[in-house]
């Protein structure tokens, strides 16, 4: 199983980042509607550019395996905040599902915080090029 770890971490990074790349693009395409949803949920729409940057930037960093631990930590926090601010109406089945999805994704990102980007990442490539410290 250890031989599968590089590809498993790579696929995990792709899977975790996928939704953030899609949602970031979707928020750009539906900017006004997203801002309205945020305002209706009690969150300032002025934060929307930061949300888009977090989703697209963090998602891209995770895909590339660049600053993986930092990006994964930021996206873990984003998932937890999203769950708490937007998905706590458990009477609505869809909101309960989204809450649980966000908690699960936060757990996946926590694993990347612990593991890093893995062997198939830009982090690993740059680390291999650094001279060893004595």
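The table below gives the values:
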quantity: Members of the stretch 1-18 that are under 19 Å from residue 82 (Cα atoms) and surrounded by 17 or more Cβ atoms within 10 Å (Cβ to Cβ); calculated: 16, 17
quantity: Residue list for the stretch 112-127, filter: loosely packed, with under 14 Cβ neighbours inside 10 Å and touching a helix residue (DSSP H, G or I) at 6+ places or on another chain (Cβ under 9 Å); calculated: 114
quantity: Pair list, Cβ < 7 Å and 6+ apart or interchain, from the stretch 97-115 residues that are part of a helix (DSSP H, G or I) to residues that are loosely packed, with under 15 Cβ neighbours inside 10 Å; calculated: 99/88
quantity: Which numbered condition residue 61 fails, given (1) in contact (Cβ under 8 Å) with a residue 12 or more places away in the chain; (2) surrounded by 13 or more Cβ atoms within 10 Å (Cβ to Cβ); (3) within 21 Å of residue 126 (Cα to Cα); calculated: (1)
quantity: Residue 75, sole failed condition from (1) surrounded by fewer than 15 Cβ atoms within 10 Å (Cβ to Cβ); (2) closer than 17 Å to residue 16 by Cβ; calculated: (1)
quantity: All positions within the stretch 54-89 that are farther than 20 Å from residue 14 by Cβ and in a helix (DSSP H, G or I); calculated: 77, 80, 81, 82, 83, 84, 85, 86
quantity: Considering residues of the stretch 38-52 that are part of a helix (DSSP H, G or I) and in contact (Cβ under 8 Å) with a residue 24 or more places away in the chain only, the residue surrounded by the most Cβ atoms within 10 Å (Cβ to Cβ); calculated: 51
quantity: Among residues of the stretch 89-111, those that are modelled with pLDDT of 95 or more and touching a helix residue (DSSP H, G or I) at 6+ places or on another chain (Cβ under 7 Å), counted; calculated: 8
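The values are calculated or read from the model by the stated rules, or taken from the named source; none is laboratory data. Being a predicted model, the structure only gives us computed values, none of them experimental. Note that we place each Cβ from the backbone using ideal geometry, even for glycine, and neighbour counts take in every protein chain shown.
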